[in-house]
1. If we scan region 333-355, do we find a residue that is closer than 15 Å to A73 by Cβ and of a type in the set (S, T, Y)?
2. Within the set of pairs 6 or more residues apart or between chains, which connect a residue that is without any contact (Cβ under 8 Å) to a residue 12 or more places away in the chain and of a type in the set (V, I, T) inside region 48-61 to a residue that is loosely packed, with under 13 Cβ neighbours inside 10 Å and assigned to a loop (DSSP other than H, G, I, E, B) with Cβ atoms less than 6 Å apart?
3. If you check K187, K220, which single one turns out to be charged (D, E, K, R) and within 20 Å of G99 (Cβ to Cβ)?
4. Give all pairs with beta carbons closer than 6 Å in which a residue from region 184-206 that is of a type in the set (S, T, Y) meets a residue that is modelled with pLDDT of 95 or more; count only pairs at least 6 apart in sequence or on separate chains.
5. Considering only region 294-334, state which residues are hydroxyl-bearing (S, T, Y), in the same structural domain as G99 (by TED's automatic domain parsing) and either surrounded by fewer than 18 Cβ atoms within 10 Å (Cβ to Cβ) or at pLDDT below 95 (or both).
6. Can you name the helices (runs of 4 or more DSSP H) wholly within region 285-357 that have at least 2 residues being in contact (Cβ under 8 Å) with a residue 60 or more places away in the chain and touching a Gly at 6+ places or on another chain (Cβ under 7 Å)?
7. Restricting attention to region 267-276, does a residue exist that is under 25 Å from F75 (Cα atoms), touching a residue at least 24 places away in the same chain (Cβ under 8 Å) and in contact with a Leu (Cβ under 7 Å, 6 or more places away or on another chain)?
8. Please give the strands (runs of 3 or more DSSP E) falling wholly within region 23-102 in which 1 or more residues are among the β-branched types (V, I, T) and touching a helix residue (DSSP H, G or I) at 6+ places or on another chain (Cβ under 7 Å).
Amino acid sequence: MDYLAATKQKKYLMYISQNYSYAILRPLQSEILAHGGQVRWFLEGDYVTPDFLAPDEQPLTSMTEINQWQPDAVFAPANIIPTFIPGLKVAVFHGFDAGKLNSKGQNDHFKIRGCFDLYCTQGPNTTGPFQQLEQKHSFFKVIETGWPTLDPFFAPEFESPYIDENDSRKTLLICSTFSKRLSLAPKLYEKIKYFCEQGKWRILMQFHPKMPEQLVTKYKALENNNLTFIETDNVLPLLQAADVMLCDTSSILLMFILQRRPVVTFCNQDPGKHLIDITDPDKLETAIDYALTHPQSLMTEIEAFCQQLHPYQDGLSSQRVLAATNELILTNPKLKAKPLNFIRNLKMRKKLNYWHW
């Protein structure tokens, strides 16, 4: 059966709580609209800004409106979603598994919170663990689709506005997560300031939106002809503009490495052979210079890693996610009932001011 054709006349809700989620779900929105489906957006919480909605993107502003619209499926690039929201709940992830461990030493990427009916995984290294969890819990399905976010990345017409044809220097992209324990930003300030004054590379810098404002302000003050600080809801053009990345344990490094370009990390929590990981700031410049030579052994490791992380370079992951979603809607497999999650759903009802049962 052509499950893409089944999109026609169906309703799909984009449920987001962060500004970066716009770019994650827009390729999927394009596929839905191209196949005759309807799309609405629901913006939850204080970290997402309505200003980023395009003029033709229609929001729903309350649970009452969502219930009146009755979506067939809800896509969420988040860890949780209210189970009382109507429609098939589909997890599309807000990033790759970067190996981050919580305070209990557990990897939250694989934590099952009882919210979703379908997990659309990105590649073999996440599909396997989620399939094991599917067998254990039996209240959701797992289908490997690739990540819709990256579809524009692999389009031949994709061009970055951050590329400067008039600057012959190599471009270094510096990205950091917001966690004080994992972030390179507070630890490498003096070294980055030196690079900024040195001018050896053209530097682009971008932080996680939850980065403390004090640190953001401190780094913005470094801006000159050698360093540009960028705030954006779509990092893909930024990734395309760089020759090498400096990062910590942020999952954004995994998006960058899919271009088959080297990444230097500082105190990465899960350093593999595909990364050049250092723990001494004084070795940073040498590591970046080494990365820019594209050593064959490193590039071989990067290729092998990418095949496990996200083997799809066809730009069709959105189609696979949509087809997998429609298949589950139409076949309606008998899944075990989700956990009640009474306390979590009570908190979500309070947050959304929704008390109808």
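The values are calculated or read from the model by the stated rules, or taken from the named source; none is laboratory data. The shown structure was predicted, so the numbers you read here are calculated from the model rather than taken from an experiment. Cβ: placed from backbone, ideal geometry, glycine included. Neighbour counts: every protein chain shown.
1. no
2. none
3. Unique residue meeting the criteria: K187.
4. none
5. T331
6. 296-309, 317-331
7. No, because not a single residue in region 267-276 is under 25 Å from F75 (Cα atoms), touching a residue at least 24 places away in the same chain (Cβ under 8 Å) and in contact with a Leu (Cβ under 7 Å, 6 or more places away or on another chain).
8. Working: elements: 38-43, 73-76, 88-91.
In region 23-102, 38-43, 88-91 are the strands (runs of 3 or more DSSP E) which contain 1 or more residues that are among the β-branched types (V, I, T) and touching a helix residue (DSSP H, G or I) at 6+ places or on another chain (Cβ under 7 Å).
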